[in-house]
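Below is one structure, written out as structure tokens; comments come after it.
The values are calculated or read from the model by the stated rules, or taken from the named source; none is laboratory data. Model, not experiment: these values are computed from the prediction. Cβ sites come from the backbone with ideal geometry, for glycine too, and all protein chains shown count toward neighbours.
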Amino acid sequence: MIWVDTIVQGILLGGLYALFAAGLSLVFGIMRLVNLAHGDLIVLGAYLILTASTVFGLNPFLAALIAAPVMFGLGWLLQAHVLNRVLGADILPPLLVTFGISIVIQNGLLEGFSADSQKLSVGALDSASLALGPVTLGVMPLLTLISAVAVILILNQIFYRTALGRAFRATSDDAATAGLMGIRPRNVFAIATGLALVVATIAALYLGIRANFDPTIGPARLIYAFEAVIIGGLGSLWGTLAGGIVIGVAQALGAAINPEWQILAGHVAFVAVLLVRPRGLFPRAND
Amino acid sequence: MNHNSKIALPVALAIVAALALVPFYGSRAIIQDLFTVLTLLVLAMNWNILAGFAGLVSVGQQAFVGTGAYAMFAAVILGGVDPLWGIVIGGAAAAALSVPIAIFTFRLNGAYFAIGTWVSAEIVRLSLAQWKALGGGTGTSLPKGTTQEMFGVQPIRHLLGISNAAAADVLSYWLALALAVATLSASYLFLRSRAGLGLQAIRDNLEAARSVGVDPARLKAIVFVLSALGTGVCGALMFLQITRVTPDAAFSVVDWTAFVIFITVIGGIGTLPGPIVGVLVFYVLQRLLADYGTLYLILLGLFGIAIMLFARRGLWGLFTDKTGIELLPLRHRPPRTATPVPGIPPKIVKEGT
């Protein structure tokens, strides 16, 4: 029965990774932009939530409601004024610019908030748990997974049910033709990145509640997020959730065998999936 | 040979000679600073060949730095060999490791390739952190005095009349200089060769290059392995000088890949003098802003972003565009015939010949 518990904990952990990855998957799917600053943007979101909750004395969940529009604005500006200029067939310029943004955010946060680790607290909820037969579920991990599913459900509704989503899909498939139909791809991209950073804020909320964070943890979170996106397949949001869960379960199983193997097991699972399916499990679009 | 490249060689030789003579008049601090600059330059030149010429945007070069360092430490501590042999073994181990990494990552395209190299480096880091004989996650040091008993230290000590430790620094410095010169010469000769021409043809137009018989996969694999070799040798040398290795330091994505990418891009990616210009900019920024904590990193990031937005070919590219001066030119000019004969393809003449 211990294995059932391990796998369930892995699935819950996968929810967190799927949240990290959902914003990345959105941007990657629509404009093939590899955002190496995504992990640091999540950490930036966590500091925004922390600041809002200390300044206004708010619960982190309410503070996230203040941080989310700020992050949307930041994403919009970043895409409209910086990232749109470097999109193209060559992957190096966007990779480099986002690498630069990553270094600027990391060191800016170090200057502003010092290297001390921080945590968001929600009182008794922090450590609350539910017992379901042999398995004990932490309330926060469960809430994380539910939020991940909800985020992906909502993003999919936007994608397939709204005019904005149609514009997303059209630009993803063929930006030039979409432009002929009256869509302004640059504008669509800016909204997409704004939306991605709103999702990043939600990820930041759970990251900050569940673990300590400091300015330098972004890249490590980013690598799990990328693995989830790539395992899932380009442009498939449900695939990203599946990818997050694959990484989460692999890490939980690795840790159960030897605590030092946790992270390694996740990476090995990533390599194993890609060796069998180089384009991921559920690729929607052609890259 | 045009005017510029005629003066370039004597100037380059003079600079190398001046650098080689620094230990005779410079202080130990200068030697150590120059050592850092030269090793960063070697890493940057290797990444430049990969990304700027072969189109392989790797974010995982720390895999080879770390493997080179660890293989050298293993050879010295467990095998008891001279550290100089350790450096050779470090390079060989990095080159050997690059084969399985290439087999995995070459199946992935563009951005997937970048992430694949990064994950590969993480796997190597986490695996080596399990190697208890080399200290596991906390790392290990070379036995005391190893570097001072290294082959070549004693003659240098007598020649310069300095302490053992200073002589070890001088030896490392000369090795770094030799490695930098070798890497630059090898890059130039390789890029001027048939294979190098093929490589640049692939970069400019994959389909056209294929249609005239260039094999992209083979050429890229060769470049990947060779740059792993250079990076591994450099990693072994850097950690020989530090004499201590930990998985986190040896496999740092920021130190061995992010900085190196910025240096290359600021200087001018896809040009041979680019990394040299970039490493000088990096060094000056670091020195000027040494008292302001991480400010130089923020400026480096912003500088890199600005270069990508406004001058893709970096500072060296701006310089050649403004002045028309090209050092180490790689372009091949068609022959200057007044009236091309239809139907007969023009013979390609190398600029350097």
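The table below gives the values:
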read-out: Within region A:110-204, helices (runs of 4 or more DSSP H) holding 2 or more residues that are touching a residue at least 60 places away in the same chain (Cβ under 8 Å) and more than 14 Å from every other protein chain (Cβ to nearest Cβ); value: A:139-161, A:163-173
read-out: Any pair with Cβ under 7 angstrom, 6 or more apart, that starts in region B:284-310 at a residue that is over 10 Å from A:Asn107 (Cβ atoms) and of a type in the set (Gly, Ala, Ser) and ends at one that is crowded, with 21+ Cβ neighbours inside 10 Å and at pLDDT 85 or above; value: B:Gly304/A:Leu96; B:Gly304/A:Gly100; B:Gly304/B:Phe262; B:Gly304/B:Val265; B:Gly304/B:Ile266
read-out: All positions within region A:256-267 that are buried (at least 17 other Cβ atoms within 10 Å of the Cβ) and either within 22 Å of the chain's Cα centre (by Cα) or more than 9 Å from chain B (Cβ to nearest Cβ) (or both); value: A:Ala256, A:Gln262, A:Ile263, A:Leu264, A:Ala265, A:Gly266, A:His267
read-out: Single unsatisfied condition, B:Ala129 versus (1) buried (at least 19 other Cβ atoms within 10 Å of the Cβ); (2) more than 30 Å from A:Gly29 (Cβ to Cβ); (3) within 10 Å of chain A (Cβ to nearest Cβ); (4) free of Cβ contacts under 8 Å to residues at least 40 places away in the same chain; value: (4)
read-out: Qualifying residue in region B:158-166 (condition: surrounded by fewer than 16 Cβ atoms within 10 Å (Cβ to Cβ), among the hydrophobic types (A, V, I, L, M, F, W, C) and under 22 Å from B:Gln61 (Cβ atoms)); value: no
read-out: Filter pass, A:Gly235 being within 16 Å of the chain's Cα centre (by Cα), within 14 Å of chain B (Cβ to nearest Cβ) and farther than 19 Å from B:Thr105 by Cβ; value: yes
read-out: Some residue of region B:266-282 being surrounded by 24 or more Cβ atoms within 10 Å (Cβ to Cβ), more than 13 Å from chain A (Cβ to nearest Cβ), of a type in the set (Ser, Thr, Tyr) and part of a helix (DSSP H, G or I); value: no
read-out: Scope region B:247-265; condition at the interface with another protein chain (Cβ under 10 Å from one of its Cβ atoms) and either charged (D, E, K, R) or surrounded by fewer than 24 Cβ atoms within 10 Å (Cβ to Cβ) (or both); matching residues; value: B:Val253, B:Val254, B:Phe259
read-out: Test: residue in region B:2-9 that is at pLDDT below 90, among the hydrophobic types (A, V, I, L, M, F, W, C) and within 22 Å of the chain's Cα centre (by Cα); value: yes
read-out: Pairs, first within 8 Å of chain A (Cβ to nearest Cβ) and at negative phi in region B:109-121, second of a type in the set (Ser, Thr, Tyr) and in a helix (DSSP H, G or I), C-beta under 7 Å, six or more apart; value: B:Gly116/B:Thr105; B:Ser120/B:Thr105
read-out: So A:Leu130, is it touching a strand residue (DSSP E or B) at 6+ places or on another chain (Cβ under 6 Å), surrounded by fewer than 21 Cβ atoms within 10 Å (Cβ to Cβ), more than 17 Å from A:Gly208 (Cα to Cα) and not aromatic (Phe, Trp, Tyr); value: yes
read-out: Number of the exception - B:Leu327 against (1) more than 11 Å from chain A (Cβ to nearest Cβ); (2) crowded, with 22+ Cβ neighbours inside 10 Å; (3) not charged (D, E, K, R); value: (2)
read-out: Options A:Leu77, A:Leu62, A:Leu95, A:Leu58; residue that is more than 18 Å from A:Asn212 (Cα to Cα) and part of a loop (DSSP other than H, G, I, E, B); value: A:Leu58
read-out: Selected residue (only one of B:Ala249, B:Ala258, B:Ala236 is modelled with pLDDT under 90 and in a helix (DSSP H, G or I)); value: B:Ala258
read-out: From B:Val170, B:Val225, B:Val181, residue being surrounded by 22 or more Cβ atoms within 10 Å (Cβ to Cβ) and either assigned to a helix (DSSP H, G or I) or in contact (Cβ under 8 Å) with a residue 60 or more places away in the chain (or both); value: B:Val170
read-out: Total residues in region B:201-228, condition of a type in the set (S, T, N, Q) and under 21 Å from B:Gly91 (Cα atoms); value: 1
read-out: Filter pass, A:Val276 being surrounded by fewer than 20 Cβ atoms within 10 Å (Cβ to Cβ) and within 9 Å of chain B (Cβ to nearest Cβ); value: no
read-out: Set B:Ala51, B:Ala44, B:Ala71: member being more than 22 Å from B:Arg203 (Cβ to Cβ) and in a helix (DSSP H, G or I); value: B:Ala71
read-out: Selection count where residues are more than 8 Å from chain B (Cβ to nearest Cβ), farther than 20 Å from B:Trp118 by Cβ and surrounded by 15 or more Cβ atoms within 10 Å (Cβ to Cβ), scope region A:84-109; value: 3
